[in-house]
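The values are calculated or read from the model by the stated rules, or taken from the named source; none is laboratory data. Quick caveat, the model's predicted, so the values are computed rather than measured. We place every Cβ from the backbone using ideal geometry, glycine too, and count neighbours over all the protein chains shown. The accessibility values were calculated without ligands, DNA or RNA, using every heavy atom of the protein model including side chains. Shrake-Rupley method; radii C 1.70, N 1.55, O 1.52, S 1.80 Å.
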Amino acid sequence: MQDSEYDSVVWDTRAAGDHEAGSSLGVAASSPLAGMAVASGSGGNNNGGGSGSSGDVETSVTVDEPRKEGEGTGNPFITYLVTTTRTARKTREIRRYALRRRFQDFVWLHEQPRKQFAACVVPPLPGKHRMEYLTGDRFSEDFVGKRKHGLERFVRRVLLHPTLRTSQHVTVFLEAKDWSSEYEAKQTTSENGGVLDSLSEAVVNTFSKARKRDERFDEMREAVARLEDNLSRTQKLYLRVTKRQHELQQAYEELGTGMVDLGDIETGMTLALVEAGNALKAHHVALRRLAEQTEDLFLGEVEEYIAYCEAYLEMLRQRDQRQAELDDLTEFLQQSGAERDRLTNYQSAAGVTAVTNFIKGKVRDLRGVDPAVSRQQRIEKLATRIVELETAIEVSREGLDAFSSSVIEDYEVFARIKQHDFKRAFSALAASHIEFFARAADIWRAVIPELEKLPVD
């Protein structure tokens, strides 16, 4: 994979514009994450559904303006404005789409490419199973804001993936105005034929393990597992940090209130004490903003990458299962070949005694079976089975090789997307702390003139 596929990432800091659901009017990025443009190939061309080569079209997407729908009904939900801007590199022609999507639509976008590209890891959606769903707080501004940013990161990761972004489902999600008909048609075709087949396959696959280990995939597995472990530790440690920050927020607010009350008693220092108390309260607000930003933009990204690692490890397990199936077929072929050779050479099966052979002979006599004819029939059945197994092994090997190649390629994609995301996450972490400390300095700098007015003997 060439670096040029990722060279089109830019940061969009334009101000927000007015949006209309279902409109293709232009809209500008307004997310605090800033819009990231991604070069798009197939599926990103807007000329009558045609497709261009990779890099012909730049695509930027923002997810913004959450809105509660279905008020007064038994099933209210939140929709988000998904704004897509496609820019032709050569002509600089711009096409814009502004369409409202709900969370289930993002789930659809996650599932369809996953079925279409079995050897690609689809980036994770922001977690749905959180405490907000149990407490009924899933419509709170805080929860909806975090989900909005997570959904935006999800779409951008899909667009950064050179294979996933070519899916027609991505184009439908980003551009289809008549979403209900597109969604229902594709939902029906994707759901046919599946639960029992998937269950039986899972049960069968449980009993097989690969006998031949490929070091390349073992190294990938170890690297991803280490990444997941480190991210989990980072998440736990930073959750402790945010917990301390929340405790400090309360302490600063209470201290500020106490300082203002103290000013009412110390009449000679009232103004200075009130200024200091207000500064403590302002510091509390700045600290709360820092905690919110880091929890949303940094910890949210870490949580998603833990899920991303799990998804990649699952794909490696699927690859191992394919290897196990090939190993099983190969072993069965060897056993069938050995059995055919034994019958051809009139040899007894390994571990079979003369007494056993005598009993088998008597049974055949009672049944009226000619031993020579029986042996020949078994040889012919084994020969047919061997041909079938050889064909199955060839098909299995070709499938395994293709799947393995895709896994290797997708691992490189995973590494590159991770690099982009980590840059964004740690940049957001740094920016939020810079903003906090700059604000804190301004708050306390404003207190100094009032303190200097106090007379000191």
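Going through the stretch 251-286 one residue at a time, which ones are touching a residue at least 24 places away in the same chain (Cβ under 8 Å) and touching a His at 6+ places or on another chain (Cβ under 9 Å)?
Across the stretch 251-286, the qualifying residues are Tyr252, Glu253, Leu255, Gly256.
Of the conditions (1) without any contact (Cβ under 8 Å) to a residue 60 or more places away in the chain; (2) open to solvent by 30 Å² or more (accessible area, probe 1.4 Å), Thr234 fails just one. Which one is it?
(1) is the only condition that Thr234 fails.
State all residues of the stretch 75-88 that are open to solvent by less than 90 Å² (accessible area, probe 1.4 Å) and assigned to a loop (DSSP other than H, G, I, E, B); if no residue qualifies, say none. Talk me through it step by step, then tell me what you get.
Step one: of the stretch 75-88, the residues open to solvent by less than 90 Å² (accessible area, probe 1.4 Å) are 76-88.
Result: Pro76, single match.
Does Pro123 fit the bill of being in a helix (DSSP H, G or I) and touching a residue at least 24 places away in the same chain (Cβ under 8 Å)? Give the steps one after another, and end with the answer.
On the way: in a helix (DSSP H, G or I): no; touching a residue at least 24 places away in the same chain (Cβ under 8 Å): yes.
Spelling it out, it is not the case that Pro123 is in a helix (DSSP H, G or I) and touching a residue at least 24 places away in the same chain (Cβ under 8 Å).
Given Thr234, Thr267, which one is among the polar types (S, T, N, Q) and more than 30 Å from Lys418 (Cα to Cα)? Let's see the steps before the verdict.
Numbers: Thr234 fails: more than 30 Å from Lys418 (Cα to Cα).
Result of the check over Thr234, Thr267: Thr267.
Identify the single condition in (1) in contact with a strand residue (DSSP E or B) (Cβ under 9 Å, 6 or more places away or on another chain); (2) open to solvent by 60 Å² or more (accessible area, probe 1.4 Å); (3) modelled with pLDDT under 70 that Thr135 does not satisfy, given that it satisfies every other one.
It fails just one condition, (1).
Does the stretch 271-287 hold any residues that are more than 14 Å from Val447 (Cβ to Cβ) and either surrounded by fewer than 18 Cβ atoms within 10 Å (Cβ to Cβ) or of a type in the set (S, T, N, Q) (or both), and which are they?
Listed by number, the list holds a single entry, Val285.
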